[in-house]
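The values are calculated or read from the model by the stated rules, or taken from the named source; none is laboratory data. Owing to the predicted nature of the structure, the values given are computational and were not obtained by experimental measurement. Cβ placement follows ideal geometry from the backbone for every residue including glycine, while neighbour counts extend to all protein chains displayed.
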Amino acid sequence: MSSKDGFRQILETGTYTLTDMPSDLEPLAARMRPQTIEDVVGQDHILGPGKLLRRVIEADRLTNVIFYGPPGCGKTSLAEVIAKTTKRNFVRLSGVLSGVGDIRTICERARNELGGRGTILFIDEIHRFNKSQQDVLLPYTEDGTVVLIGATTHNPNFFINTPLTSRSLVFELKPLSPEAIACLFDKALYDKEKGFGGIPSQLDADAKEFLAAISNGDARHGLTALEIAMKSTPPDEKGIIHITLDVIQECVQRRQVHYDKKEDGHYDTISAFIKSIRGSDPDASIYWLGKMLVAGEDPRFIARRLVISASEDIGNADPRGLSIAVAAMQACEFVGMPECAINLAQATTYLASAPKSNASCMAISEAMADVESGAVQPVPEHLKNKHVKAIGSNVVTEYKYPHAFANHYVKQEYLGSPKKYYRPSEEGYEATIARRLASLKA
């Protein structure tokens, strides 16, 4: 018996009938595509009230556009909304299945219909077209024969011809937030026409949160997993399909890491991570890093903590630590997950293995405490912006330019009431700093 036949049998023996089950021919993710712009979740930065894209869609005044973003973020869904909103002809092509002949046929037909409703040409995965195929579109988009909507997961600056992007507005779509994806789950479970609203079901809160988090901003991935869970879970004694965390983990073949992003799991783990680096244990540091990444922690948050640790715990004992941490932070922005995990691992192991000093951290803490306590010292006259004559004196206070002296150093007053804040340790390069400062004082 096939899984589909088995599920049909379950349905017929439950408290509902086969007619309550939506069609098996179309995936849930396709059935749940938004019908209107109000149905679109996420992307408020381009679709919020008053935003440009929303205005042109609602007014049916769309010009050439390219939608750029990761899979499952809503590029095709936006095109579907436009297709249902516009009064113009709407034609779809695929960068995978279509060629130059298809493009010319559609565009020439649109040219023959100029003066009529006009034509919108939607090309999914437009980056699949090579340069010559993309060039075919240029004259038709230039003279308004067609209005182009291109959808791509690749950066248009690199994969779409410059003449085409210069004729288009490029809108970047972001990965959907877990909250937005969870909202789609609710719609799918309550929608009787397109979703599972005709079937008694229950999706546990922890299961929904876990599935929304591991979907990584991809609504299609999350809805597909939910559909598998609904179709593979038999109803309980009350006729309810109960989707638990265990069910979801089985459907996506991934186990949950107990890690509450807003609770103790989050703060305890990052604390263990930083303390392991401070304690010069690269193995423990890597483990806690791995746990955070598997649990879905924002890699930028981890990178920021590495930058802090590089100055707080390593400091001048190894000045290169800060450069490596900052480079890792930039790599997280540029590369993204999953590859930036390698950059974070490199920075983590380097900082954990580096000599340690908190002398810089202690120095600034002590100096700020003195200022906050009211011990604010005036700037000595010779250090001010201009050489000035002291009030009531005929003597001009001279600033001594260190580079004019031997060893580029000269003794002079830089603080009215001198106090030692920076006390270099004997660790790593800071021991060299300590010896140099001692020799200058001598």
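Data for the structure
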| quantity | calculated |
| --- | --- |
| Residue among Leu97, Leu121, Leu137 that is under 33 Å from the mean Cα position of the chain (by Cα), in a loop (DSSP other than H, G, I, E, B), without any contact (Cβ under 8 Å) to a residue 40 or more places away in the chain and at negative phi | Leu97 |
| Lone unmet requirement of (1) surrounded by fewer than 16 Cβ atoms within 10 Å (Cβ to Cβ); (2) among the charged types (D, E, K, R); (3) over 30 Å from Asn216 (Cα atoms); (4) under 30 Å from the mean Cα position of the chain (by Cα) for Glu113 | (4) |
| Every residue from region 169-193 that is within 16 Å of Thr224 (Cα to Cα) and among the β-branched types (Val, Ile, Thr) | Ile181 |
| All helices (runs of 4 or more DSSP H) inside region 291-379 with 2 or more residues being closer than 30 Å to Pro70 by Cβ and in contact with a helix residue (DSSP H, G or I) (Cβ under 8 Å, 6 or more places away or on another chain) | 299-309, 320-335, 340-353 |
| Yes/no for Phe171 being at pLDDT 90 or above and assigned to a loop (DSSP other than H, G, I, E, B) | no |
| Every pair of residues 6+ apart whose Cβ atoms lie under 7 Å, when the first sits in region 338-353 and is touching a residue at least 12 places away in the same chain (Cβ under 8 Å) while the second is polar (S, T, N, Q) and not in a helix (DSSP H, G or I) | Ala352/Ser280; Ser353/Ser280 |
| Selection status of Asp268, surrounded by fewer than 18 Cβ atoms within 10 Å (Cβ to Cβ) and either assigned to a helix (DSSP H, G or I) or of a type outside the set (A, V, I, L, M, F, W, C) (or both) | yes |
| Residue check, Gln9 modelled with pLDDT of 85 or more, not assigned by TED's automatic domain parsing to the domain that holds Gln134 and not hydroxyl-bearing (Ser, Thr, Tyr) | no |
| Residue list for region 148-199, restricted to those being under 30 Å from Gly95 (Cβ atoms) and charged (D, E, K, R) | Arg167, Glu172, Lys174, Lys187, Lys194 |
| Hits in region 314-357 - residues which are out of contact with any Ser or Thr (no Cβ under 8 Å at 6 or more places or on another chain) and of a type in the set (D, E, K, R) | Asp318, Arg320, Glu333, Glu339 |
| Boolean, Ala188 is touching a Gly at 6+ places or on another chain (Cβ under 7 Å), surrounded by 21 or more Cβ atoms within 10 Å (Cβ to Cβ), part of a helix (DSSP H, G or I) and not aromatic (Phe, Trp, Tyr) | yes |
| Scope region 37-64; condition in contact with a helix residue (DSSP H, G or I) (Cβ under 9 Å, 6 or more places away or on another chain) and farther than 29 Å from Tyr140 by Cβ; matching residues | Asp39, Val41, Gly42, Gly48 |
| Top-ranked residue of region 191-211 - restricted to ones that are of a type in the set (A, V, I, L, M, F, W, C) and in a loop (DSSP other than H, G, I, E, B), ranked as farthest from the chain's Cα centre (by Cα) | Ile199 |
| Close pairs from region 365-386: first over 24 Å from Gly315 (Cβ atoms), partner acidic (Asp, Glu) and surrounded by 10 or more Cβ atoms within 10 Å (Cβ to Cβ), Cβ under 8 Å, at least 6 apart | Pro380/Glu413; His382/Glu398; His382/Glu413 |
| Filter pass, Leu164 being closer than 29 Å to Leu62 by Cβ, assigned by TED's automatic domain parsing to the domain that holds Val65 and of a type in the set (A, V, I, L, M) | yes |
